[in-house]
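The values are calculated or read from the model by the stated rules, or taken from the named source; none is laboratory data. Quantities reported herein were computed from a predicted structural model and do not represent experimental measurements. FYI the Cβ positions are ideal-geometry reconstructions off the backbone, even for glycines, and counts take in every protein chain you see. Areas reflect the complete protein model, heavy atoms only, side chains present, ligands, DNA and RNA absent. Shrake-Rupley method; radii C 1.70, N 1.55, O 1.52, S 1.80 Å.
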Amino acid sequence: MWVSVAQTNGAGAGVPRWQHRREPSEQPPMYVAVFTYVGFGIVILFGYFRDFLRAVGLEKCHLAQEREEQKDFIPLYQDFENFYTRNLYMRVRDNWNRPICSLPGPEFDLMERVSDDYNWTFRLTGKTVHNVINMGSYNYLGFAENNADSLKTVAENMRQYGVGVCSTRQEIGTLSIHEELEQHVADFLGVESSLTFGMGFATNSMNIPALVSKGCLILSDELNHTSLILGARLSGATIQVFKHNNMQSLEKLLREAVCSGQPRTHRPWKKILIMVEGIYSMEGSVVRLPEIVALKKKYKAYLYLDEAHSIGAVGSSGRGVAELLGVNPADVDVMMGTFTKSFGAAGGYVAGKKELVDYLRSRSHSAVYATAMAPPVAEQIIRAMKCITGKDGSTEGIRRIRQLAENTRYFRARLKELGFIIYGGDDSPVIPILLYMPGKVVAFSREMLKRKVGVVVVGFPATPITEARARFCMSAAHTRAMLDQVLHHLNEVGDTLCLKFSRQKRSPRPDRSAETDFKVDS
């Protein structure tokens, strides 16, 4: 989508809209970083003290340890990893792996659990916490639903095909519904062909080794998902990391790769593959795709785009960051995405030119050895895709896309007004709130749950040590009333725990919840 600058600042015309979406980079006050390090230091000191108590037999250690008769063996467990788990993670383990007992829609029911031994074990109380607002699931378009009318085709498909295929795609596991799904995916993305897989993580980790190998170079964004990192390591290719969304850093590596070639021999690289994500799951930032495509063409490299969090969630018709930023899908060599988020299902896909897909059909470990996607799952994806594209004869799909965009803009704007530091672009439905200090991360999660708001909190080592956060995921299924209720509780908890670190000038408006004309650009 293109928009004249006159619509934004009154001068010029014909500038790509993505150039006006600058992502915030506000830094907290210095004391926040100082207290964050102090907090970790205190916890680590107490950890060593408790390890001393365990060593002298004054405290019991519940975690796995090396057996006495194998003390001379190479250690099976890494000492620091164990130290972190038993002394830091165990103290706050109640904030993760909470069991739910309902559909993970805009609200869910939570099974209450307690611990009698400081989070080493849990027991269920038999009680249920009802109607917890779900701000953590990747249910972007609200297709994680149990409406009988909507799921009618899925139920019929399960009666016809059963639940499992019990074979790989290369043997007798390819059904007509798999071929139909792959045609839908290719048409939806605007490419020649596609190949689907039963697991999203394996779509990256098992396909990248089929595309590059020893003698190839992978240029990977420093914040890429673990599945991309694992696939790169398994490939045997040389890996170089560039700074997140930093085009100067990427171009420097590209220039050196082209000019110097491989180490020692200085032979040209067989392939240079740039790996990026559409929306980064921990940052909420949107890839600078037009600039990356320009660099890719300039230095004759290949581009691998992971759209796990962006396909279906952004773009005027849900076709991801390529549509959002006005990039031709043909300029992306390998388009990858998952069905686990916007489509309310499971699995992933790789799409692009027919030659690429045909090559992966016989070379990818996921295609050759993994069990084919379950037929009901494939039907759920087809159902969601038909709804998004309007092929079901309704406008429900486009309504959900617009509702998600509206919810995202509204929630982001209100968080800024409340004084929180958030990351990510204006269009990203992934919204991290920076909490920084380890003690406040734990307190935030527990306080929000007391108010019946389910949140995901993330800290070191999943994030930099000074950038612990809570990650909110928007959904088209969230109503304005739900978002206002969450914002009300966030305002209370933010004041109680002193989490409003933003030093930007706040809006004088006390409340925007009554507004009815907060619309997304069409």
(request) Inspect all residues belonging to region 335-355 and state whether any of them is in a loop (DSSP other than H, G, I, E, B) and aromatic (F, W, Y). (result) yes
(request) Among the numbered conditions (1) surrounded by 18 or more Cβ atoms within 10 Å (Cβ to Cβ); (2) farther than 25 Å from L223 by Cα; (3) in contact with a strand residue (DSSP E or B) (Cβ under 8 Å, 6 or more places away or on another chain), tell me where K452 comes up short. (result) (1)
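So, in region 376-399, how many residues would count as being out of contact with any Gly (no Cβ under 7 Å at 6 or more places or on another chain) and of a type outside the set (K, R)? Before the answer, list the steps.
We begin by selecting, within region 376-399, every residue out of contact with any Gly (no Cβ under 7 Å at 6 or more places or on another chain); these are 376, 378-379, 381-383, 385-386, 391-396, 399.
Then drop every residue that is not of a type outside the set (K, R), which leaves 376, 378-379, 381-382, 385, 392-396.
Final tally of qualifying residues: 11.
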(request) Considering only region 382-440, state which residues are farther than 30 Å from Y89 by Cβ, open to solvent by 10 Å² or more (accessible area, probe 1.4 Å) and among the small types (G, A, S). (result) G390, G393, S394, A405, A413
(request) Starting from region 432-446, take each residue that is in the same structural domain as V458 (by the TED database) and within 23 Å of I279 (Cβ to Cβ) and list its partners that are of a type in the set (D, E) and buried (at least 22 other Cβ atoms within 10 Å of the Cβ), counting only C-beta distances under 9 angstrom and pairs at least six apart or across chains. (result) P432/E283
(request) Give the residue, chosen from V276, V314, V327, V293, that is without any contact (Cβ under 8 Å) to a residue 60 or more places away in the chain and part of a loop (DSSP other than H, G, I, E, B). (result) V327
(message) Residues to consider are L88, L76, L45; find the one that is part of a helix (DSSP H, G or I) and either in contact with a Leu (Cβ under 6 Å, 6 or more places away or on another chain) or without any contact (Cβ under 8 Å) to a residue 24 or more places away in the chain (or both).
(response) L45
(request) Could you give me the residue pairs with C-beta distances under 6 Å whose first residue belongs to region 227-246 and is hydrophobic (A, V, I, L, M, F, W, C), whose second residue is open to solvent by 60 Å² or more (accessible area, probe 1.4 Å) wherever it lies, and which are 6+ apart or on separate chains? (result) A232/I239; V241/E222
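Residue by residue, here is whether (1) modelled with pLDDT under 95; (2) open to solvent by less than 70 Å² (accessible area, probe 1.4 Å) holds:
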site	(1), (2)
P461	yes, no
F472	no, yes
A476	no, yes
M482	no, yes
H489	no, yes
S507	yes, yes
E515	yes, yes
D521	yes, no
(request) Would you confirm whether any residue within region 436-455 is within 17 Å of the chain's Cα centre (by Cα) and hydrophobic (A, V, I, L, M, F, W, C)? (result) yes
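Looking at region 363-381, which of its residues are in a helix (DSSP H, G or I) and either open to solvent by 10 Å² or more (accessible area, probe 1.4 Å) or polar (S, T, N, Q) (or both)? Before the answer, list the steps.
Taking region 363-381 first, the residues in a helix (DSSP H, G or I) are 363, 365-368, 375-381.
Answer for region 363-381, where residues must be in a helix (DSSP H, G or I) and either open to solvent by 10 Å² or more (accessible area, probe 1.4 Å) or polar (S, T, N, Q) (or both): R363, H365, S366, V368, P376, V377, E379, Q380.
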(message) If I filter region 200-220 down to residues being in contact (Cβ under 8 Å) with a residue 60 or more places away in the chain and out of contact with any helix residue (DSSP H, G or I) (no Cβ under 7 Å at 6 or more places or on another chain), which single residue comes out as farthest from T463 (Cα to Cα)?
(response) L211
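Do we have L110 as crowded, with 16+ Cβ neighbours inside 10 Å and in a strand (DSSP E or B) here?
Numbers: crowded, with 16+ Cβ neighbours inside 10 Å: yes; in a strand (DSSP E or B): yes.
In short, yes.
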